[in-house]
Amino acid sequence: MKMRKTVLSGLKQLLCLFLGVIILAPFYVALVNSFKTKGEASDMSAALPSALQWGNYLVVIQKGKLVMSFLNSLLYSTASVTLCVLLAVMAAYVISRNRTRLNRVMYYFLVLGIVLPTNVVALMKIMQVIELNNTRIGLVLIYAAMNIPFSIYLAYSFISTIPVELDEAGVLDGCSPTGLFFRVIVPLLKPVLVTVFMLNFLGIWSDFVMPLYFLNSSKLMPMTLAVYNFFGRYEMQWNLVSADIVLTALPVILIYLVGQRQIISGMTAGAVKG
């Protein structure tokens, strides 16, 4: 029995190692080739460069206009996620604490947005009518609306684990509804707030489709579109394209590594009771 458990544990570790190699291999190839010369990177091999070409990154930052693209991505991700998290948590709190039939129908209606596809054509027509197409605020509102269903789903499960007695104690202490929510409930929601914020942030930062449809100006483009445009101009210089890819993916990787514990705890917090 003990031998069987040891073998199964070893097989699981080998499987995880194999999957890890598959996932990390593309990023490793891009990272290695970003330090090569144009000739060395032409075949996109996994071999190490003969000499580190740090100048590739400087060329990419200057010619790819990555500073402006980075600021745009940061704005879209931060603003839309902040708006999304605020609205989703407030809605989840009200629905969780007032479990009427209407609120339950509303909850399922909102959560249905997780699986329903986005009708880009209809959305584009709406954005044109309200004159928010090709604007920063328009893209921020689109991202916020798209991520609210999943955010409500996570927040609802977590809020359901918070005892109602805390609400009653806050009311007895003289808290207003707003004060009760922000002073009593929100501090208890740190795990799910961080989880929702980071998951949505990572998804928005890496999104390519929405900016492609709703942005026409190069000054408004995020880093994902900057990589796309850069590849179009320098498709034969894989060392520069690889450097551009690394610079685009690096912020997402760093943010995930910093907050991975919070993400795991927030995802499992509402698993016992909900």
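The values are calculated or read from the model by the stated rules, or taken from the named source; none is laboratory data. Keep in mind that what you see is a predicted model, and the values were worked out from it rather than measured. Here the Cβ is made from the backbone with ideal geometry for all residues, glycine too, and neighbour counts use every protein chain on show. With ligands, DNA and RNA removed, areas are computed over all heavy atoms of the protein, side chains included. Shrake-Rupley method; radii C 1.70, N 1.55, O 1.52, S 1.80 Å.
Within the set of pairs 6 or more residues apart or between chains, which connect a residue that is closer than 30 Å to residue 242 by Cβ inside region 1-27 to a residue that is of a type in the set (Gly, Ala, Ser) and in a helix (DSSP H, G or I) with Cβ atoms less than 7 Å apart?
That search, which allows pairs on different chains as well, returns 27/249.
May I ask you to say which residue of 105, 194 is within 26 Å of residue 258 (Cα to Cα), in a helix (DSSP H, G or I) and either open to solvent by 50 Å² or more (accessible area, probe 1.4 Å) or at pLDDT below 90 (or both)? Full working, then the answer.
Details: 105 fails: within 26 Å of residue 258 (Cα to Cα).
None of the other options fit; the residue is 194.
Any residue in region 163-187 that's over 17 Å from residue 96 (Cβ atoms): show its pairings with residues that are open to solvent by 40 Å² or more (accessible area, probe 1.4 Å) and among the aromatic types (Phe, Trp, Tyr) at Cβ separation under 7 Å, as long as the two are six or more apart or on different chains.
That search, which allows pairs on different chains as well, returns nothing.
Between 137, 148, 152, which is in a helix (DSSP H, G or I), loosely packed, with under 13 Cβ neighbours inside 10 Å and not basic (Lys, Arg)?
137
Just one of the numbered conditions (1) farther than 25 Å from residue 190 by Cα; (2) at pLDDT 90 or above; (3) open to solvent by less than 80 Å² (accessible area, probe 1.4 Å) is not true of residue 100; which one?
Condition (2) is where residue 100 drops out.
So which residues in region 28-61 are without any contact (Cβ under 8 Å) to a residue 40 or more places away in the chain, part of a helix (DSSP H, G or I) and over 26 Å from the mean Cα position of the chain (by Cα)?
Of everything in region 28-61, those that are without any contact (Cβ under 8 Å) to a residue 40 or more places away in the chain, part of a helix (DSSP H, G or I) and over 26 Å from the mean Cα position of the chain (by Cα) turn out to be 43, 55, 58.
Hey, can you tell me all the residues within region 205-256 that are of a type in the set (D, E, K, R) and farther than 20 Å from residue 44 by Cα?
Correct list: 207, 219.
All but one of (1) without any contact (Cβ under 8 Å) to a residue 24 or more places away in the chain; (2) within 23 Å of the chain's Cα centre (by Cα); (3) farther than 23 Å from residue 195 by Cα hold for residue 120, so report the exception by its number.
All conditions are met except number (1).
Taking the stated definitions as given, is residue 9 farther than 26 Å from residue 251 by Cα, small (Gly, Ala, Ser), in contact with a Lys or Arg (Cβ under 9 Å, 6 or more places away or on another chain) and open to solvent by 50 Å² or more (accessible area, probe 1.4 Å)?
For residue 9, the condition - farther than 26 Å from residue 251 by Cα, small (Gly, Ala, Ser), in contact with a Lys or Arg (Cβ under 9 Å, 6 or more places away or on another chain) and open to solvent by 50 Å² or more (accessible area, probe 1.4 Å) - is not met.
Of the numbered conditions (1) in contact with a helix residue (DSSP H, G or I) (Cβ under 6 Å, 6 or more places away or on another chain); (2) open to solvent by 40 Å² or more (accessible area, probe 1.4 Å); (3) more than 16 Å from residue 261 (Cβ to Cβ), residue 164 fails exactly one; give the number of that condition.
In the conditions (1) in contact with a helix residue (DSSP H, G or I) (Cβ under 6 Å, 6 or more places away or on another chain); (2) open to solvent by 40 Å² or more (accessible area, probe 1.4 Å); (3) more than 16 Å from residue 261 (Cβ to Cβ), residue 164 misses (1) alone.
Kindly indicate the residue of region 217-274 that is part of a loop (DSSP other than H, G, I, E, B) and open to solvent by 60 Å² or more (accessible area, probe 1.4 Å) and also modelled with the lowest pLDDT among those meeting that condition. Can you show your working first?
Step one: filter region 217-274 for residues part of a loop (DSSP other than H, G, I, E, B), giving 217, 221-222, 234-237, 269-274.
Next cut, open to solvent by 60 Å² or more (accessible area, probe 1.4 Å) only: 235-236, 271-274.
Numbers: 235: 67, 236: 73, 271: 47, 272: 45, 273: 44, 274: 41.
Checked region 217-274; the qualifying residue modelled with the lowest pLDDT is 274.
Per-residue answers, yes or no, for (1) in contact with a helix residue (DSSP H, G or I) (Cβ under 8 Å, 6 or more places away or on another chain); (2) at pLDDT 90 or above:
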site: 127; (1), (2): yes, yes
site: 132; (1), (2): yes, yes
site: 151; (1), (2): yes, yes
site: 156; (1), (2): yes, yes
site: 172; (1), (2): no, no
site: 188; (1), (2): yes, no
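Which one is least open to solvent (accessible area, probe 1.4 Å), of the residues in region 122-132 that are out of contact with any Gly (no Cβ under 9 Å at 6 or more places or on another chain) and closer than 19 Å to residue 83 by Cβ?
Within region 122-132, the match that is least open to solvent (accessible area, probe 1.4 Å) is 123.
Scanning region 35-77 for residues that are of a type in the set (Val, Ile, Thr) and either in contact with a strand residue (DSSP E or B) (Cβ under 8 Å, 6 or more places away or on another chain) or under 30 Å from residue 217 (Cβ atoms) (or both), which turns out least open to solvent (accessible area, probe 1.4 Å)?
Among them, the one singled out is 60.
Does region 155-170 hold any residues that are among the polar types (S, T, N, Q) and not in a helix (DSSP H, G or I), and which are they?
160, 161
Quick check on this structure: which one of 48, 87 is modelled with pLDDT of 90 or more and of a type outside the set (Val, Ile, Thr)?
Of the residues listed, the single one that is modelled with pLDDT of 90 or more and of a type outside the set (Val, Ile, Thr) is 87.
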